[in-house]
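Just so it is clear, none of the values below were taken in a lab; they were calculated from the coordinates. Please read all numbers here as calculations on a predicted model, not as lab measurements. Glycine gets a Cβ as well: all are built from the backbone with ideal geometry, and neighbour counts include every protein chain shown.
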Amino acid sequence: MADKRECPSCAMEIDADSDVCPICGYDLPRQRTSVKWAALLMLLLAILYLVLM
Ligand SMILES: [Zn+2]
């Protein structure tokens with residue numbers, strides 16, 4: 001379950017669920033979060049489109 005990934009700043013193996021690198025404090029953008037935001041934006045645009053029709 002605990003996925004590991006490499007920090008782009010200090011190249012250390014860190015927990016994939018971490019928002020911030022515990023070693024150097026680098027702010028890690030979470031892929032799952034960005035995908036969720038993209039889906040939310042698409043939904044918002046769809047609603048806006050329907051409202052304007
Ligand atoms: Zn780091």
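222 nm [θ] for the chain, helices only, -39500 (n - 2.57) per DSSP H run of 4+, per residue, to 500?
The per-residue figure over the chain is -14500 deg cm²/dmol.
Under a point-charge model restricted to the Cβ atoms of Lys and Arg (+1) and Asp and Glu (-1), what is the dipole moment magnitude of the chain relative to its Cα centre, in debye to the nearest 20?
Roughly 260 debye, rounded to the nearest 20.
How far is helix 31-52 tilted, in degrees, relative to the longest principal axis of the Cα atoms in the chain, given as a value from 0 to 90 rounded to the nearest 10?
Value to nearest ten degrees: 10.
Work out the charge dipole of the chain with +1 on the Cβ of Lys and Arg and -1 on the Cβ of Asp and Glu about the Cα centre, then indicate which of Leu40, Met53, Cys21 is farthest towards its positive end.
The residue sitting most towards the positive pole is Met53.
For the range 4-52, what is the relative contact order in percent, using Cα pairs closer than 8 Å and at least 6 residues apart in sequence?
About 21 percent, as a whole number.
Give me the three principal axis extents of the chain from the C-alpha atoms, as integers in angstrom, largest value leading.
Reported extents, whole Å, longest axis first: 51, 23, 12.
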